[in-house]
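Student: Just passing along the structure, written as structure tokens.
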Amino acid sequence: MADHTEILKRRLAGIEERIRSACQRVGRHREEITLVAVTKSTTIEVAAALVAIGVVDLGENRPQELWRKAGLLPQSVHWHLVGHLQRNKVARTAPILHLIHSVDSLRLLQALDEEVGRTNTKLNVLIEFNLSREAQKRGFRRHETTQVIPAVQSCRHLTVIGLMTIASLTDDVEKCRPVFRELRQLRDDLRSQLDPQHSLKQLSMGMSNDFEVAVEEGATFLRIGTALLEGLQT
Ligand SMILES: *Cc1c(COP(=O)(O)O)cnc(C)c1O
């Protein structure tokens with residue numbers, strides 16, 4: 001088995017450096033930001049190596065893969081689901097989750113709230129918005145906030161702690177900036193209309209391609225796969 005620890009440490013240090021520089025440019029604190037390593041394209045061994053060097057927040061985009069990796073890695077890992085969750089997988093997935101970034105329908109929001117109530121547990125969620133207006137993407141459109149607000153207000157058990165978006169993949173990362181800015185504005189807007197229980201402090205935005213711009217625009221969760229794990233699948 002190849003030992004990827006040194007490569008991972010080096011890549012992590014490089015990413016850290018870029019996060020810190022972006023923070024400095026806009027007067028933010030590094031501590032406000034959580035790096036989620038998205039392990040969807042990598043093996044258990046590589047994911048375990050990440051945990052061993054101190055990365056505790058891991059993300060997956062498919063529930064089945066999240067179940068599998070969660071069963072094999074230490075309990076101390078904070079698991080993030082960043083992709084679509086079907087309602088028939090809610091009961092099995094919710095107990096494993098530290099945070100779901102991708103609540104993309106009112107029915108899923110309601111199903112999660114019911115599950116958390118039924119099991120008398122707690123769950124933090126982010127609502128996913130599709131602000132880049134790509135038809136194939138999931139998430140609410142901006143105009144749907146009028147339906148999202150009452151749906152969140154009627155949740156009795158879970159807590160909405162923020163919003164998530166995925167910017168378009170582009171060579172010119174400056175094109176991502178308006179999308180990140182729009183998510184932050186939308187968050188401020190929603191926050192003023194929701195009960196304070198739903199703190200809405202968090203913004204999950206920024207991936208390998210665009211995380212520095214996301215930090216400059218207020219991201220609190222970065223979801224990074226490729227920049228950390230490229231070429232380490234085997
Ligand atoms: C895969 C994935 C990521 C990580 O993307 P990279 O470009 O590899 O950093 C982030 N967010 C979501 C929702 C993903 O599916």
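We did not get these values from a lab; they are worked out from the coordinates using the rules stated. In this text the structure is predicted, and so the values were computed from the model without any measurement. Don't worry about glycine lacking a Cβ; one is built from the backbone with ideal geometry, like all the others, and counts go over all protein chains shown.
Student: For region 193-217, what are the residues that are surrounded by 18 or more Cβ atoms within 10 Å (Cβ to Cβ) and of a type in the set (Gly, Ala, Ser)?
Tutor: Within region 193-217, Ser204, Gly206, Ala214 qualify.
Student: Looking only at region 34-43, decide whether some residue is more than 15 Å from the ligand (Cβ to nearest atom) and touching a residue at least 12 places away in the same chain (Cβ under 8 Å). Steps first, answer last, please.
Tutor: From region 34-43, those more than 15 Å from the ligand (Cβ to nearest atom) are 43; that's our starting set.
In the following step, the residues that additionally are touching a residue at least 12 places away in the same chain (Cβ under 8 Å) were identified as 43.
Yes - at least one qualifying residue is present in region 34-43.
Student: Given the conditions (1) within 30 Å of Glu144 (Cα to Cα); (2) touching a Ser or Thr at 6+ places or on another chain (Cβ under 7 Å), and given that Val56 satisfies all but one, which numbered condition is not satisfied?
Tutor: (1)
Student: So, Leu58, is that one buried (at least 21 other Cβ atoms within 10 Å of the Cβ) and either within 12 Å of the ligand (Cβ to nearest atom) or assigned to a helix (DSSP H, G or I) (or both) or not? Let's see the steps before the verdict.
Tutor: Numbers: buried (at least 21 other Cβ atoms within 10 Å of the Cβ): yes; either within 12 Å of the ligand (Cβ to nearest atom) or assigned to a helix (DSSP H, G or I) (or both): yes.
Criteria met by Leu58.
Student: Look through region 150-188, keep the residues that are in contact (Cβ under 8 Å) with a residue 40 or more places away in the chain and of a type in the set (D, E, K, R), and return whichever of them is nearest to Ser199 (Cα to Cα).
Tutor: Only one residue fits best here, namely Arg156.
Student: On to the next question. Where in region 129-234 are there helices (runs of 4 or more DSSP H), lying fully within it, with 3 or more residues that are polar (S, T, N, Q) and away from the ligand (no atom under 16 Å from the Cβ)? Walk me through how you get there before you give the answer.
Tutor: Details: elements: 145-153, 177-191, 211-216, 226-229.
Ranges flagged: 145-153.
Student: Taking the criterion of being in contact (Cβ under 8 Å) with a residue 60 or more places away in the chain, surrounded by 18 or more Cβ atoms within 10 Å (Cβ to Cβ) and not small (Gly, Ala, Ser), would at least one residue in region 71-79 satisfy it?
Tutor: The answer is no, given that none of the residues of region 71-79 is in contact (Cβ under 8 Å) with a residue 60 or more places away in the chain, surrounded by 18 or more Cβ atoms within 10 Å (Cβ to Cβ) and not small (Gly, Ala, Ser).
Student: Shifting gears a bit: Could you list, in sequence order, all residues of region 5-55 that are loosely packed, with under 13 Cβ neighbours inside 10 Å and over 22 Å from Leu232 (Cβ atoms)?
Tutor: Hits for region 5-55 are Ser21, Gln24, Arg25, Val26, Gly27, His29, Glu31.
Student: Would you confirm, using the coordinates I've provided, whether Glu144 is free of Cβ contacts under 8 Å to residues at least 60 places away in the same chain and under 24 Å from Ala219 (Cβ atoms)? If you could, list the steps in order and put the result at the bottom.
Tutor: Working: free of Cβ contacts under 8 Å to residues at least 60 places away in the same chain: yes; under 24 Å from Ala219 (Cβ atoms): yes.
Judged against the criteria, Glu144 is a match.
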